[in-house]
1. What residue, among those in region A:100-117 that are part of a helix (DSSP H, G or I) and more than 7 Å from every other protein chain (Cβ to nearest Cβ), is modelled with the highest pLDDT?
2. Being at pLDDT 90 or above and exposed (fewer than 13 other Cβ atoms within 10 Å of the Cβ): is that true of residue B:105 here?
3. Of the numbered conditions (1) within 30 Å of the chain's Cα centre (by Cα); (2) modelled with pLDDT of 80 or more; (3) surrounded by 13 or more Cβ atoms within 10 Å (Cβ to Cβ), residue A:68 fails exactly one; give the number of that condition.
4. When you scan region A:15-35, how many residues do you find that are part of a helix (DSSP H, G or I) and either more than 7 Å from chain B (Cβ to nearest Cβ) or modelled with pLDDT of 75 or more (or both)?
5. Could you tell me which of the residues B:136, B:157 is under 15 Å from the mean Cα position of the chain (by Cα), more than 9 Å from chain A (Cβ to nearest Cβ) and assigned to a helix (DSSP H, G or I)?
6. Note down all Cβ pairs under 7 Å where the first residue falls in region B:104-127 and is more than 9 Å from chain A (Cβ to nearest Cβ), the second is modelled with pLDDT under 85 and not in a helix (DSSP H, G or I), and they're at least six residues apart or on different chains.
7. Looking at (1) modelled with pLDDT under 90; (2) more than 9 Å from chain A (Cβ to nearest Cβ), can you tell me which one residue B:97 breaks?
């Protein structure tokens with residue numbers, strides 16, 4: 001389609017749309033109030049819930065720390081606690097960044113640059129998040145079999161074989177899937193950035 | 001004697017006089033009706049919030065285009081998350097084009113072609129379709145006038161290639 005054809009199509013759409021006035025002062029006033037109120041009510045439920053779970057998990061491990069009787073288990077406990085806090089922090093930071101509204105009076109190209117950089121940062125954080133989540137999964141399995149079965153699962157030779165081989169395959173396939181999903185979007189975003197930053 | 005004009009009244013007048021541009025931007029930057037409604041609301045809210053920053057260095061409509069397009073970008077969620085919006089009591093935006101099959105089809109074709117452009121080109125095309133001068137496009141987008149001309153030429157090529165593929 002030529003750009004001029006698009007222009008004709010656009011004008012035809014506009015002529016129809018302009019026949020009807022859609023906004024009146026009362027609606028405009030309501031819109032201003034509604035958006036303000038929805039921001040106040042927009043408490044980050046998913047993040048809060050996730051963070052609560054992580055904090056509860058970290059507290060439980062701390063509380064039960066004395067039951068970890070080997071250096072390996074104690075180290076696993078500390079790593080788990082650190083991962084729980086790190087993952088919560090990453091989620092909170094990345095999602096807050098998405099919500100922040102910048103200066104909307106700036107030129108459009110500046111907003112686009114910021115948006116593209118945010119997007120790339122977010123995807124990188126997601127990848128890190130995934131890797132750390134897998135490590136956390138392994139540490140939690142080790143700890144919880146100790147806490148609830150009083151068994152040290154790491155003494156079982158199959159544990160290491162299974163968790164590393166399965167883990168490796170899982171990470172491999174999942175990261176391929178994630179990369180395929182994000183690849184296109186990342187590429188387009190990076191290309192856009194190249195056009196915006198000379 | 002100074003006359004103090006109510007800020008809200010000024011704002012409402014500005015919106016009423018320029019509501020068309022808000023809908024057009026919402027149409028181009030969204031793909032469904034619900035999203036469009038949300039974006040219209042969001043644009044009006046952000047325009048109100050930044051109304052004090054309008055310094056009259058440009059026309060009100062140029063300023064509104066800039067704000068509205070920036071809001072549209074920020075509205076694009078990197079991760080799809082439902083924003084909590086509250087339906088307006090007893091009032092609803094009824095877009096004529098949503099109920100007209102002919103316009104709906106034209107819109108679909110229109111969006112199909114525009115969605116293949118990157119966000120920068122999309123913004124430039126929209127302003128071009130709105131018969132904005134290169135100077136105005138340059139002010140809104142924040143690139144030089146010559147860059148605007150170059151980009152429009154490239155966009156025309158891109159669109160031609162799209163149809164021949």
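1. Once the filter is applied, the top-ranked residue is A:113.
2. Judged against the criteria, residue B:105 is not a match.
3. (1)
4. Residues meeting the conditions: 10.
5. B:136 is the lone residue from the list that is under 15 Å from the mean Cα position of the chain (by Cα), more than 9 Å from chain A (Cβ to nearest Cβ) and assigned to a helix (DSSP H, G or I).
6. Cβ pairs passing all conditions: B:111/B:31.
7. (2)
Let's see how each residue does on (1) modelled with pLDDT of 85 or more; (2) surrounded by fewer than 12 Cβ atoms within 10 Å (Cβ to Cβ); (3) at the interface with chain A (Cβ under 10 Å from one of its Cβ atoms); (4) more than 13 Å from the chain's Cα centre (by Cα):
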{"position": "B:3", "(1), (2), (3), (4)": "no, yes, no, yes"}
{"position": "B:21", "(1), (2), (3), (4)": "yes, no, no, no"}
{"position": "B:32", "(1), (2), (3), (4)": "no, yes, no, yes"}
{"position": "B:45", "(1), (2), (3), (4)": "yes, no, yes, yes"}
{"position": "B:50", "(1), (2), (3), (4)": "yes, no, yes, yes"}
{"position": "B:61", "(1), (2), (3), (4)": "yes, no, no, no"}
{"position": "B:66", "(1), (2), (3), (4)": "yes, no, yes, no"}
{"position": "B:71", "(1), (2), (3), (4)": "yes, no, yes, no"}
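The values are calculated or read from the model by the stated rules, or taken from the named source; none is laboratory data. None of these values were measured; they are calculated from a predicted model. Backbone-built Cβ (ideal geometry, glycine too); neighbour counts: all protein chains shown.
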